[in-house]
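Contents: one structure, followed by commentary.
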Amino acid sequence: MANQAPAARPATKPVDVPSNPRFSSGPCAKIPTFTLDKLSDAALGRSHRAAIGKTKLKDAIETTREILGIPADYRIGIVPASDTGAVEMAMWNLLGERKATMVAWESFGAGWVTDVVKQLKIDAEVKTADYGEIVDFAEVDFNTDVTFTWNGTTSGVRVPNGDAIPADREGLTICDATSAAFAMDLPWDKLDVTTFSWQKVLGGEAAHGMLVLSPRAVERLENYTPAWPLPKIFRLTKGGKLIEGVFVGETINTPSMLAVEDYLVALDWAKSVGGLKGLIARADANAKAIFDFCEARDWIDNLAADPATRSNTSVCLKFTDARITDGAAFAKAVAKRLGDENVALDVGAYRDAPPGLRIWCGGTVETSDIEAMLPWLEWAFEAEIEALSEAA
Ligand SMILES: Cc1ncc(COP(=O)(O)O)c(C=O)c1O
């Protein structure tokens, strides 16, 4: 009939399903070869200060250094409370010596701003950008201490490279790289503090954080004492000297030796796929499969406005179809359909982010699973559009 909208095409369910439907942005999919018996060498029921425990912790540190190409003179510590613990530890120990700049373009970066401005009450310039955008690093004063997130996990926007960070900066750079480490090149010479957690790109277990310190960060630690008290769990110096033990595996408090074993197994797998280069290639291939899918459709787009800033781990998508009236409800319904079909779990956008989907593409995810999942996304979209026209 003239002037009547065409009947919605009935959505047809795809046949193939991903063999692993886990696309959560943390905890992330475990390594593809994971089985629980791979952890049978864990030093369970043993002291982490016994030789066996210390050896494993040191191995975790040194294999991290090897895979990520962290310079020999940088300290790497395993710290409590995951990435959050590592970032807080850095901010509470180091900031306050000079003016700070807090840079944020999504939820986690915004959280660090709150802590520095409202809890530590530090004189800080705050630079923010909306979800999908990024702060222009050329406008940041790196003679202040600058805190930022390398990859905004909740917006899918990442720093494209470290070129705008001057080599001769006077301030320190504190970089939350939790969804970047093991998936992106990190310019170690431009990063004084780098943090990440095991539960992210390598699909490790939660609760343990990594704190990487440049010699300049150590110098600050040894020459500056913050005006506020530091709980034991944050303390990195004693009598004005770095507690070196923390950086050879003598953790501040008791780690989970099961989680340590799991991390060692994940690091071994990372080496088997070609180390950092191999991991980056895997994440890039996963993300590209999604970018290409979006490119070929006019109803879905990347939340990251500038292609140079598009994350290859936490790929965030928005629905752009004009027929959608309630974006949040629509995106939630699509994510629910995908979850109910067990083809894509935990892919709803982060609670503070704009409505949409977030699909983890880090190296532990197989490209074949992304490719098997995407027709389901198309199906879920069409089914929800169909539901909308039926309700109208
Ligand atoms: C950018 C960023 N920072 C910090 C965190 C918090 O990490 P964790 O729970 O390991 O402390 C996350 C978790 O998703 C994150 O994506």
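The values are calculated or read from the model by the stated rules, or taken from the named source; none is laboratory data. For clarity, every value in this text was computed on a predicted model and none was experimentally measured. Cβ placement follows ideal geometry from the backbone for every residue including glycine, while neighbour counts extend to all protein chains displayed. Only protein heavy atoms, including side chains, enter the accessible area calculation; ligands, DNA and RNA are left aside. Shrake-Rupley method; radii C 1.70, N 1.55, O 1.52, S 1.80 Å.
For GLY356, are the conditions met, namely being modelled with pLDDT of 95 or more and either within 14 Å of the ligand (Cβ to nearest atom) or more than 25 Å from ALA110 (Cα to Cα) (or both)?
no
Of everything listed in (1) of a type outside the set (S, T, N, Q); (2) more than 20 Å from PRO71 (Cβ to Cβ); (3) more than 16 Å from the ligand (Cβ to nearest atom), the single unmet condition for GLY171 is (2).
Matching residues to (1) within 23 Å of ASP284 (Cβ to Cβ); (2) assigned to a loop (DSSP other than H, G, I, E, B); (3) at pLDDT 95 or above:
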| position | (1), (2), (3) |
| --- | --- |
| PHE148 | yes, no, yes |
| THR154 | yes, yes, yes |
| ASN161 | yes, yes, yes |
| ALA167 | no, yes, yes |
| GLU170 | no, yes, yes |
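With respect to ALA167, is the statement that it is open to solvent by 50 Å² or more (accessible area, probe 1.4 Å) and not acidic (Asp, Glu) true? It is true that ALA167 is open to solvent by 50 Å² or more (accessible area, probe 1.4 Å) and not acidic (Asp, Glu). Checked against (1) more than 30 Å from ARG351 (Cβ to Cβ); (2) part of a helix (DSSP H, G or I); (3) touching a strand residue (DSSP E or B) at 6+ places or on another chain (Cβ under 6 Å), LYS56 passes all but condition (3). Of the residues screened, SER24 is not one that is more than 21 Å from the chain's Cα centre (by Cα), surrounded by fewer than 21 Cβ atoms within 10 Å (Cβ to Cβ) and not β-branched (Val, Ile, Thr).
I'm trying to understand the selection: among the residues of region 292-306, which are open to solvent by 20 Å² or more (accessible area, probe 1.4 Å), free of Cβ contacts under 8 Å to residues at least 40 places away in the same chain and out of contact with any helix residue (DSSP H, G or I) (no Cβ under 8 Å at 6 or more places or on another chain)? Hits for region 292-306 are ASP292, GLU295, ALA296, ASP298. Beta carbons closer than 8 Å, at least 6 apart along the sequence or on distinct chains, pair a first residue in region 65-81 that is in a helix (DSSP H, G or I) with a second that is within 16 Å of the ligand (Cβ to nearest atom) for ILE67/PHE182; LEU68/ALA181; LEU68/PHE182; LEU68/LEU186. Can you find a residue that is within 16 Å of the ligand (Cβ to nearest atom) and among the hydrophobic types (A, V, I, L, M, F, W, C) anywhere in region 115-125? Checked against the condition, which is being within 16 Å of the ligand (Cβ to nearest atom) and among the hydrophobic types (A, V, I, L, M, F, W, C), region 115-125 yields at least one hit. Scanning region 29-56 for residues that are open to solvent by less than 80 Å² (accessible area, probe 1.4 Å), over 30 Å from TRP360 (Cα atoms) and free of Cβ contacts under 8 Å to residues at least 40 places away in the same chain gives SER47, ALA50, ALA51, ILE52. For beta carbons closer than 6 Å, sequence separation of 6+ or different chains, a first residue in region 105-125 that is within 15 Å of ALA90 (Cβ to Cβ) and a second that is part of a loop (DSSP other than H, G, I, E, B) and open to solvent by less than 60 Å² (accessible area, probe 1.4 Å), the qualifying pairs are VAL116/ILE122; ILE122/LEU95; ILE122/GLY96.
Quickly run through region 261-291 and pick out the residues that are touching a strand residue (DSSP E or B) at 6+ places or on another chain (Cβ under 8 Å) and open to solvent by 30 Å² or more (accessible area, probe 1.4 Å). Hit for region 261-291 is PHE291, nothing else. Residues that are in a helix (DSSP H, G or I) and open to solvent by 40 Å² or more (accessible area, probe 1.4 Å) within region 82-139 comprise THR84, TRP92, PHE108, ALA110, THR114, VAL117, LYS118, GLN119, ALA138, GLU139, listed in sequence order. Residues of region 172-203 that are of a type in the set (S, T, N, Q) and part of a loop (DSSP other than H, G, I, E, B): THR178, SER179, GLN199.
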